[in-house]
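The values are calculated or read from the model by the stated rules, or taken from the named source; none is laboratory data. Keep in mind the model is a prediction, meaning the values are calculated, not measured. Ideal geometry is used to build each Cβ from the backbone, glycine not excepted, and the neighbour counts take in all protein chains shown. Note: accessible area is taken over every heavy atom of the protein model, side chains too, but ligands, DNA and RNA are not part of it. Shrake-Rupley method; radii C 1.70, N 1.55, O 1.52, S 1.80 Å.
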Amino acid sequence: MRVICKRLHRGDDLLCRIRELAEEHQIEAGVLLSGVGCLLRGRVRDAGGVRLRQIDEPCEIVSLTGTVSRSRCHLHIALSKENLSTVGGHLTEGCIVNTTCELVVGILDGWHYGVEQDEQTGYDEIVFQEQKP
């Protein structure tokens, strides 16, 4: 496994920058090992899979996890609000970095993440493909 470390800066859109990182490093299969920092505001999709929730206050990232590749990023985030309550969901565009966000991404050599439509879920779902030498 190779590792990429990246610090994001104020004003960066968290998901957009992770996608750019995957493209820049030609990541075929990766996992977010660590993501810590703070946001000016957050935006997540809830478990129902349809509604987007806006968190219009500064938040700490207390968890950020998921799969990363050029073909898709599937990430979940948990945020601690100013009153220390926690909210979370599926990471969407619109999570804007406040002072910093530190990312550590592990690249899984020998693997590729494909995507296929799943009739049961209605979503494009990941397909794990081992690349044999």
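What the table shows:
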| read-out | value |
| --- | --- |
| The chain, accessible surface, carbon-and-sulfur percent (1.4 angstrom probe) | 48 percent |
| Relative contact order of the chain, pairs being alpha-carbon contacts under 8 Å that are 6 or more residues apart, as % | 34 percent |
| Charge dipole (debye, nearest 20) of the chain; +1 at Cβ of Lys and Arg, -1 at Cβ of Asp and Glu | 340 debye |
| Average accessible surface area per residue within the chain, 1.4 Å rolling probe, Å² | 56 Å² |
| Relative contact order of the range 20-66, pairs being alpha-carbon contacts under 8 Å that are 6 or more residues apart, as % | 41 percent |
| Scaled radius of gyration (Cα, divided by 2.2 N^0.38 Å) that the chain gives | 1.07 |
| Potential lengthening between H9 and H76 on full extension [0.36 nm per residue; Cα-Cα distance subtracted] | 22.1 nm |
